[in-house]
1. What does the helix-only formula give at 222 nm for chain B: each DSSP H stretch with n ≥ 4 adding -39500 (n - 2.57), the total divided by the residues, and the result rounded to the nearest 500 deg cm²/dmol?
2. Using a Gaussian network model on chain A with a 10 Å cutoff between Cα atoms, which of A:16, A:294, A:233 fluctuates the most?
3. I'd like the orientation of helix B:2-13 relative to chain B: the angle between its Cα long axis and the longest Cα principal axis, in ° from 0 to 90, rounded to 10.
4. Taking GluC sites (Glu not before Pro) as exposed when DSSP calls them loop (any state but H, G, I, E, B) and at most 14 other Cβ atoms lie within 10 Å, what is the longest stretch of chain B free of them, the sites themselves excluded?
5. Along the charge dipole of the protein assembly as shown, Cβ charges K/R +1 and D/E -1, which of A:7, A:75, A:248 sits furthest on the positive end?
6. Give the accessible area for residue A:117 in Å² (nearest 10); use a 1.4 Å probe, count only protein heavy atoms, and leave out ligands, DNA and RNA.
7. Where nothing but the Cβ of Lys and Arg (+1) and of Asp and Glu (-1) is charged, how large is the charge dipole of chain A around its Cα centre, in debye to the nearest 20?
8. Identify which of A:93, A:191, A:107 has the largest mean-square fluctuation in a Gaussian network model of chain A, with springs joining Cα atoms closer than 10 Å.
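The values are calculated or read from the model by the stated rules, or taken from the named source; none is laboratory data. In this text the structure is predicted, and so the values were computed from the model without any measurement. Glycine also receives a Cβ, built like all others from the backbone with ideal geometry; neighbour counts cover every protein chain displayed. Only protein heavy atoms, including side chains, enter the accessible area calculation; ligands, DNA and RNA are left aside. Shrake-Rupley method; radii C 1.70, N 1.55, O 1.52, S 1.80 Å.
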Amino acid sequence: MTTGGQIVVIIMIMGGALSLAAGLIWVERRLLGLWQDRYGPNRVGPFGILQPLADAIKLLFKEDWSPPFADRSVFLIAPAVIFATALLSLAVVPVAPGIGVVAEWNVGLLFFLAMASLGAYSVILGGWASNSKYSLLGGLRAAAQMLSYEVFMGLSLAGVVVLAGSFSLAEIVRAQADLWYVVPQFLGFVVFLIAGLAETRRLPFDLPESETELIAGFHTEYSGMSFGLFFVGEYIGIITISALITTFFLGGWHGPLLPPLVWFLLKTLVLIAVFVLFRAAMPRPRFDQLMAWGWKILLPITLINLLVTGAVVALP
Amino acid sequence: MVFVLRSLWVVLQHMFRKRETYRYPEEKAPLPPRWRGRIVLARDPDGGERCVACYLCAVSCPVDCIALQATEDDQGRRYPDWFRINFSRCIYCGLCEEACPTYAIQLIPDYEMSEYRRDKLVYEKEHLLIEGPGKYPHYNFYREAGVSVGVKDPGESREEEPPVDIRSLLP
Ligand code: SF4
Ligand code: SF4
């Protein structure tokens, strides 16, 4: 592809992800409303679709206050980190055959895992630099949660890599032309979905910011647009995880009749709706339950899954 | 795992339920008649002010938001010279209505009193006094009361004996 074409693709994917993230704020609130027998935002524009715009204007005009006891430079960098890492991991996702920023990159999967680990820094630094008890507790929880769930996240993808024989995401999608990996790698799919929820700190795994006990956890002290960055970063994280589940397990762009791009978007949007459904339906676990669940159930499951997959592939 | 799927399914079914929301400015929630909202001062069925300025409401108010000044007309009928309720403080508990001996002060089902300025929430007597008897259409305090203020003479109310002539020795 030419450099010009590449830049157009980059801009389109970035712009698409950002506007999707903004739209997602509205979609999530409407869907939550639907599932809780109420309406959600329906006043600003048709069906309330301009609500994120109104929110953004409100956030921009709010005072961006950083507390005097905070470590100011780190405090300001932290929200940018999560925003950047979430957007960067989207670069390795193949949207359609030949379309994607660096979809053919032969270490795409590792790059995504690396970005997920870096994203953990954002919340930890944010919680640490805020220098208040609630933020620190939120940051600590985020650290423990994201580090442990990253383990299964990586391991659950190992099965996919074994089957596809490549770390390149485009290659993985091409290998699913006949059979989506959700069938042979069902356990991997479930574990990756749960780990993805934990990694984006979404309900039911939003312990780092659990409102009921920690006010807002690691972003308690944030206001104005730096809070907005955390907020949008979370939504981009959801988009990224959904896009990646689509890529790894649901056959990416593969699908009958409709064009590949439409299939990809459709699968991603359905997954996003599932994420919202989780938020609407699930209670938040206790922190020790979260940890026990991860290490005592998910880790063995992934290891068994990897072992069986390896055996099946290795046997003639 | 099963319980997770079950709760997801239960929540998903709510997609097809009726929504509970009242779309407020267009569609109002039905309020029961005894709903405690905006406070009014009612009048007798004859049109006289019911309030006898006894201060019981002001005393009973837990947040001290009622203020008034008693006065009398030339026939001895007590009434408030001015009567002020600060609705920015009122908690709509209804204790003033409980305390009032004459059914004068009443809470009615109306909550649409928003203002852009806080001082506009201080209601004076002319804002509070309404034309009718409110929730108690037939009650008239001075028809039952023992004193005569030009409404009736002593002994004329429903359950009252005529006054005893204390100078007569007859039984
Ligand atoms: S409703 Fe309660 S708070 Fe309001 S004026 Fe009456 S006694 Fe006071
Ligand atoms: S409103 Fe009722 S309680 Fe209050 S001063 Fe008048 S008569 Fe007394």
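1. Details: 5 runs with 30 residues, N = 171.
Value at 222 nm, helices only: -4000 deg cm²/dmol.
2. Greatest mean-square fluctuation among the candidates belongs to A:16.
3. 60 degrees
4. Details: sites that count: B:20, B:26, B:27, B:112, B:115, B:124, B:131, B:156, B:159, B:160.
Of all site-free stretches, the longest is B:28-111.
5. With unit charges placed on the Cβ atoms, the residue in question is A:248.
6. Surface accessible to solvent at residue A:117 totals approximately 40 Å².
7. Working: 17 positive and 18 negative charges, 84 e Å.
So the dipole magnitude of chain A works out to roughly 400 debye.
8. A:107
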